[in-house]
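*Asks:* For reference, the structure I am asking about is given below.
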Amino acid sequence: MSQQTKKGHFPWKHLIGFLISIALTLVAFATALWTDWSSSTIFIIILIFALIQAALQLVMFMHMTEGEDGGLISGNTLFGFFIAVVIIVGTYWLMTSGHMHMGM
């Protein structure tokens, strides 16, 4: 348990991060459902909201802001970014390969 919750303080930073994360998800969802923009425009907007949300989660929930020496925790951040890229690119590759080979 963190020192903040032991003292009885409410974790406002986490609540605010959670609410912003929900708002970003709802805006992306509404953009996909209720706009008549082109699919590429919708994709770019959703991608931007996803990147903002990923940065928010890294800073607010995973506490990847500063190390003990005052610098960014770059090793953990780069590793997390690498894993995210592998998952995204791998998923895209699997979906397009399945589509091409199965004739869907």
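The values are calculated or read from the model by the stated rules, or taken from the named source; none is laboratory data. From a predicted model like this one, the values you see are computed outputs, not experimental measurements. Please note: Cβ atoms are built from the backbone with ideal geometry, for glycine as well, and neighbour counts cover all protein chains shown. Note: accessible area is taken over every heavy atom of the protein model, side chains too, but ligands, DNA and RNA are not part of it. Shrake-Rupley method; radii C 1.70, N 1.55, O 1.52, S 1.80 Å.
*Asks:* Quick one: in the stretch 16-39, which of the residues that are farther than 24 Å from residue 81 by Cβ, open to solvent by 60 Å² or more (accessible area, probe 1.4 Å) and part of a helix (DSSP H, G or I) is modelled with the lowest pLDDT?
*Replies:* Among them, the one singled out is 39.
*Asks:* Quick check: is even one residue across the stretch 62-74 modelled with pLDDT under 75 and part of a helix (DSSP H, G or I)? Walk me through it before giving the result.
*Replies:* Looking only at the stretch 62-74, we keep the residues that are modelled with pLDDT under 75, and these are 62-74.
From what is left, the residues that are part of a helix (DSSP H, G or I) are 74.
Taking every residue of the stretch 62-74 in turn, at least one turns out to be modelled with pLDDT under 75 and part of a helix (DSSP H, G or I).
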